[in-house]
Amino acid sequence: MQNSAEEDVDLARSRQIAPPPVSKHLQSLLTFFGAVAITLVVHLLISKNEPSAETRYYTIFLCTVLAIAVFTAPAQLFSSAVRRWRQNVHPILAAGTLLLCLWEIITTGLRLLPLPYFPSPAKVLQSLISDYKLLFDSTWHSFVLLLCGYALGVLAGLFSGLCIGWSRQIRYWGMPVLKIVGPIPATAWIPLAMVLSPSGTFSAMALIALAVWFPVTMLTSSGISNTRASYLDVARTLGAGRGYLIFRVAVPAALPNIFIGLFMGLGASFLTLVVAESIGVKSGLGWYVSWAQGWAEYGKVFAALIIMAAFFSSIMTLLFKVRDRVLVWQKGVIKW
Amino acid sequence: MVTLAQTEPAALSLRGISKSFAAPDDPLTRRLALIDISLSLAPGELVALIGPSGCGKSTLLRLIAGLDTPDSGELTIGSEPITAPSAERGLVFQDPNLFPWLTVRRNIEAGLVARGLLREKRAEVDDFMRLVRLETFANAYPHHLSGGMAQRAALARALINHPKVLLLDEPLGALDAFTRMQMQDEVLRLWQARRTTMLLVTHDIDEAIYMSDRIMIMTPTPGRIERKIDIDLSRPRDRSSEAFLRLRSNILEHLHFAGTAPA
Ligand SMILES: Nc1ncnc2c1ncn2[C@@H]1O[C@H](COP(=O)(O)OP(=O)(O)OP(=O)(O)O)[C@@H](O)[C@H]1O
Ligand SMILES: [Mg+2]
């Protein structure tokens with residue numbers, strides 16, 4: 001039944017684009033292709049006089065993208081899914097490519113920005129590739145630290161949120177603590193953490209956990225305590241005991257809220273991770289950025305920033321996917 | 001169809017029940033919602049409760065279910081006093097209140113899961129889904145259901161526990177006339193097969209006469225039972241028989257009087 005409804009929607013959608021508007025097609029194809037071509041030409045013109053060791057990778061990169069744009073084009077003739085996907089992503093990819101082009105013009109081309117601080121995209125790519133080992137290592141360290149800290153914070157937050165949300169008594173004592181201690185940014189504890197803890201990594205993990213703990217606790221407890229009373233009443237008349245009321249009624253009812261807490265906690269954990277790494281820990285992306293800055297290697301700084309962007313946004317996307325799966329029952333009810 | 005092991009129906013008795021709530025405009029004063037309600041249902045009796053909106057019907061059912069406690073008075077089921085909710089007193093709420101995070105099937109199973117009986121009685125779930133004609137919606141989530149379908153699912157969810165006393169708060173209110181009559185017959189059939197003691201709140205006088213052994217008419221501010229009318233028609237009842245229509249106009253007259261009487 002659900003399936004057939006979805007099929008209907010699909011059908012309607014495919015009908016909308018059923019007669020493939022050839023001109024539109026070509027247009028979307030040309031915008032991306034054109035953008036890559038322009039960027040490549042601009043790059044070749046500008047970097048004529050640069051040392052080729054510095055620009056070689058970027059040239060190869062642009063050529064590869066161009067080749068992909070050309071060779072995947074025929075695929076859309078056979079698959080409507082590819083067609084739809086291309087129509088969807090081409091404009092944004094084209095815009096991204098043109099931004100790269102603009103960046104190169106401003107830096108290497110017109111030299112509008114002071115040089116060591118704002119390297120060209122070619123230079124950044126070169127740094128990224130030449131230092132990939134250390135970058136990979138740093139990413140791995142950041143990942144492990146983030147994962148441990150986040151998991152710890154989520155577990156603690158879910159537990160305390162559950163207790164505070166469910167038990168009136170615990171709420172009475174716990175809420176003031178939460179309200180006073182929680183809003184202190186986790187990074188403000190760094191001086192104390194460095195004194196207290198034997199290892200930088202351990203204190204960074206504790207700080208990340210603290211940063212995650214607060215929003216998760218807050219949102220979990222409010223979700224639990226705002227469970228609709230009628231759901232609890234229904235469950236009671238069905239013979240539910242306390243375990244059922246908590247874990248099969250209150251928790252699922254609070255899940256939308258809990259996910260908001262998880263997202264807020266994730267944002268806070270990124271921030272804390274980077275700050276903690278650049279101060280106390282001697283590894284990870286945050287450390288890498290400040291280390292590269294110390295050597296005035298701004299190409300590496302930018303390379304690390306790009307990795308961070310990709311790394312953090314993948315984790316964020318993953319959490320969105322998990323949420324969509326867990327909250328299927330909300331489908332069509334809430335969108336954020 | 002559901003042909004199930006008999007559970008012993010239980011007698012239900014209320015003596016001098018009063019219940020007040022804090023007034024919404026002034027939390028310091030309390031306003032009586034029910035005053036001095038006494039009634040008793042014999043085991044296996046089906047009693048209908050009718051009365052104007054706000055006269056305390058839902059409040060009364062919540063007290064019997066054990067979800068609220070009365071200010072004064074005694075509630076007993078069999079010889080046991082009612083102190084807390086229990087699976088032996090099923091309540092179908094005025095709103096279906098299906099758990100939105102569970103599929104229809106899992107909603108109907110909820111009572112078995114809560115009591116740890118799912119493994120033992122899984123086969124019954126299909127019976128009840130067929131009873132309320134929701135087999136094809138087993139895996140749909142509640143937001144895909146119409147109001148009537150949701151109410152049917154809620155009915156099945158309460159029935160699966162085989163309660164000794166079944167409390168129904170306008171369970172068929174959201175159904176179209178045709179489905180409604182079908183469901184009335186289903187509920188009756190179920191009641192006759194299992195002889196559950198039933199208390200049915202309804203706004204529909206025809207439904208009350210068609211289904212019940214006895215009708216209680218309530219009047220508001222504060223809610224009390226104004227009149228009890230025995231329905232001595234043999235089953236199955238004919239909605240257009242003379243006796244039926246006479247009862248109907250009798251009750252209508254009474255309700256009209258009760259609705260306009262000064263409090
Ligand atoms: N939790 C509550 N807090 C305060 N007042 C309440 C509460 N529940 C019910 N009341 C009051 O008690 C009275 C009876 O309410 P109740 O819901 O029992 O009416 P009802 O007979 O079921 O009406 P309807 O037919 O519209 O469902 C109303 O005046 C209502 O305002
Ligand atoms: Mg009501």
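In the protein assembly as shown, what % of DSSP beta bridges are antiparallel (nearest 5)?
Expressed as a percentage, antiparallel bridges in the protein assembly as shown total about 55.
What is the magnitude of the charge dipole of the protein assembly as shown about its Cα centre, with +1 placed on the Cβ of each Lys and Arg, -1 on the Cβ of each Asp and Glu, and no other charges, expressed in debye to the nearest 20?
Roughly 920 debye, rounded to the nearest 20.
State log₁₀ I(q)/I(0) for chain A at q = 0.08, 0.11 Å⁻¹ as given by the Debye formula over alpha-carbon point scatterers of equal weight, solvent excluded.
After summing over all Cα pairs, the log10 values are -0.59, -0.96.
What does the average come to when, for each residue of peptide A:243-250, you count the partner chain Cβ atoms lying within 10 Å of its Cβ?
What the average comes to for A:243-250 is 2.
Which of A:L192, A:L238, B:L32 has the fewest other C-beta atoms within 10 Å, and how do the rest follow up to the most?
Ranking A:L192, A:L238, B:L32 by Cβ neighbours within 10 Å, fewest first, gives A:L192, B:L32, A:L238.
As I understand it, the value is the acute angle between the Cα axis of helix A:132-166 and the longest principal axis of the Cα atoms of chain A; what does it come to in degrees, rounded to 10?
20 degrees
Quick check for me: using +1 on Lys/Arg Cβ and -1 on Asp/Glu Cβ, what's the dipole size of chain A about its Cα centre, in debye to the nearest 20?
I would put it at about 780 debye.
Over the residues of region A:252-336, compute the C-alpha Rg and express it relative to 2.2 N^0.38 Å.
My calculation over the Cα atoms of region A:252-336 gives 1.42.
How big is D for chain B, in µm² s⁻¹ as a whole number, if Stokes-Einstein is applied with the Kirkwood radius of its Cα pairs at 10 °C and 1.306 mPa s?
83 µm²/s
Of B:L34, B:Y210, B:L168, which is farthest towards the positive pole of chain B's charge dipole, taken about the Cα centre with +1 and -1 on the beta-carbons of Lys, Arg and Asp, Glu respectively?
Result: B:L168, furthest along the dipole toward the positive end.
Straight distance only, please: which lysines reach the Cα of A:K331 with their own Cα at less than 16 Å, same-chain residues fewer than 8 apart left out?
Within reach: A:K321.
Please enumerate, by chain and number, the lysines with C-alpha under 16 Å from the C-alpha of B:K228, excluding those fewer than 8 residues away in the same chain.
Qualifying lysines at Cα under 16 Å: B:K57.
Let me know the charge dipole size of region B:92-194 about its Cα centre in debye, to the nearest 20, where only the beta-carbon of Lys, Arg (+1) and Asp, Glu (-1) is charged.
340 debye
Tally Lys/Arg at +1 and Asp/Glu at -1 over every other residue whose Cβ is under 10 Å from the Cβ of B:G73; what's the total?
With Lys, Arg at +1 and Asp, Glu at -1, the net is -1.
Kirkwood hydrodynamic radius, computed over distinct alpha-carbon pairs, for region A:131-330: how many Å, to one decimal?
For region A:131-330, the Kirkwood estimate is 18.2 Å.
In degrees from 0 to 90, rounded to the nearest 10, what is the angle of the helix A:2-16 Cα long axis to the longest principal axis of chain A?
30 degrees
What Kirkwood Rh does region B:99-162 have if only Cα atoms enter the pairwise 1/r average? Answer in Å.
Value: 11.3 Å, from the Cα pair sum.
Which one, B:V113, B:A153, A:T59, projects farthest toward the positive side of the charge dipole computed for the protein assembly as shown from Cβ point charges (K/R +1, D/E -1)?
A:T59
Considering only C-alpha atoms, what is the centroid distance from region B:7-55 to region B:97-133, in Å?
A separation of 29 Å, based on Cα centres.
Of A:V274, A:S314, A:W287, which is farthest towards the positive pole of region A:264-332's charge dipole, taken about the Cα centre with +1 and -1 on the beta-carbons of Lys, Arg and Asp, Glu respectively?
Positive-most Cα among the choices belongs to A:S314.
Find out how many positive minus negative residues lie around B:A150, taking Lys and Arg as positive, Asp and Glu as negative, among other residues whose Cβ is under 11 Å from that of B:A150.
Once positives and negatives cancel, what remains is +1.
Please rank A:K331, A:K300, fewest neighbouring Cβ atoms within 10 Å first, as an exposure proxy.
Ordered by Cβ neighbours within 10 Å, fewest first: A:K331, A:K300.
May I ask you to list the lysines whose Cα is less than 30 Å away from that of A:K123, ignoring any residue fewer than eight positions away on the same chain?
Qualifying lysines at Cα under 30 Å: A:K48, A:K133, A:K282, A:K300.
Mind checking the angle between helix B:147-159 and chain B's longest principal axis? C-alpha axes, 0 to 90 degrees, to the nearest 10.
Approximately 80 degrees, to the nearest ten.
Report, as a whole number in µm² per second, the diffusion coefficient that Stokes-Einstein gives for the protein assembly as shown at 25 °C and 0.890 mPa s using the Kirkwood radius over alpha carbon pairs.
82 µm²/s
Every number in this text was worked out from the coordinates using simple rules, so none of it is lab data. Predicted model, so just to flag it, every value in this text is computed and none were measured. Counting neighbours? That spans all protein chains shown, and the Cβs are built from the backbone with ideal geometry, glycine included.
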